[in-house]
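K.L.:
Below is one structure. I have some questions about it.
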Amino acid sequence: MSKIEIRSPLPGTFYRASAPDSPPFKADGDDVTEAETIGVIEVMKTFQEVPAGVSGKAITFLVDNEEPVMAGQVIAEVEA
């Protein structure tokens with residue numbers, strides 16, 4: 001198996017849940033499908049969903065919740 005990188009589509013703040021009191025979209029170790037949302041990025045009070053973009057096993061997040069990210073930064077890896 002190889003690890004596939006999931007990159008941030010734009011700069012902003014990465015959130016792993018839709019709201020502070022909501023569970024995360026995905027947790028470390030979860031399987032994902034290509035269209036599943038793994039988080040959202042906030043840019044100037046606008047939220048953009050971040051899809052996995054790949055199907056695989058055992059997602060590993062490389063950034064923390066509420067962490068600033070740059071466009072193209074690797075935010076997670078998936079075993080595919």
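K.L.:
Between segment 40-79 and segment 6-20, what is the separation of their alpha carbon centroids in Å?
P.N.:
5 Å
K.L.:
Filter the GluC sites (Glu not before Pro) in the chain to those in DSSP coil with at most 13 other Cβ atoms within 10 Å of their Cβ, and list the result.
P.N.:
Counting only loop positions with at most 13 other Cβ atoms within 10 Å, the GluC sites (Glu not before Pro) in the chain are Glu34, Glu66.
K.L.:
If you take every residue apart from Ala71 with its C-beta less than 15 Å away from the C-beta of Ala71, what net charge results, scoring Lys and Arg +1 and Asp and Glu -1?
P.N.:
Surrounding charge for Ala71 is -2.
K.L.:
Same structure again: For Val74, put the label point 7 Å out on the Cα→Cβ axis and report which residues of segment 1-27 keep their amide N under 12 Å from it.
P.N.:
Only 3-8 fall inside the zone, counting backbone N under 12 Å.
K.L.:
In addition: Out of the total accessible area of the chain (probe 1.4 Å, heavy atoms of protein only), what percent is carbon and sulfur?
P.N.:
Carbon and sulfur together cover 53 percent of it.
K.L.:
Still on this model: Using the heavy atoms of the protein chains alone and a 1.4 angstrom probe, what is the accessible area of the chain per residue in square angstrom?
P.N.:
59 Å²
K.L.:
Equivalent ellipsoid semi-axes for the chain, as square roots of 5 times the alpha carbon gyration tensor eigenvalues: give them largest first, rounded to whole Å.
P.N.:
For the chain, the ellipsoid semi-axes come out as 20, 14, 10 Å.
K.L.:
Here's a follow-up. May I ask for the net charge around Phe14, where only other residues with Cβ less than 12 Å from the Cβ of Phe14 are counted and Lys, Arg are +1 while Asp, Glu are -1?
P.N.:
-3
K.L.:
Okay, moving on. Does segment 14-61 come out rounded, prolate or oblate, given a ≥ b ≥ c as the square roots of the eigenvalues of its C-alpha gyration tensor, rounded meaning a/c under 1.5 and, failing that, prolate meaning a/b above b/c? Mind dumping the intermediate values first?
P.N.:
On the way: a/c = 2.66, a/b = 1.57, b/c = 1.69.
Oblate.
The values are calculated or read from the model by the stated rules, or taken from the named source; none is laboratory data. Nothing here was measured: the structure is a model prediction, and the numbers come from that model. Note that each Cβ is placed from the backbone with ideal geometry, even for glycine, and that neighbours are counted across all protein chains shown. Ligands, DNA and RNA are stripped out before the accessible areas are found, and what is left, the full protein with its side chains, is counted by its heavy atoms. Shrake-Rupley method; radii C 1.70, N 1.55, O 1.52, S 1.80 Å.
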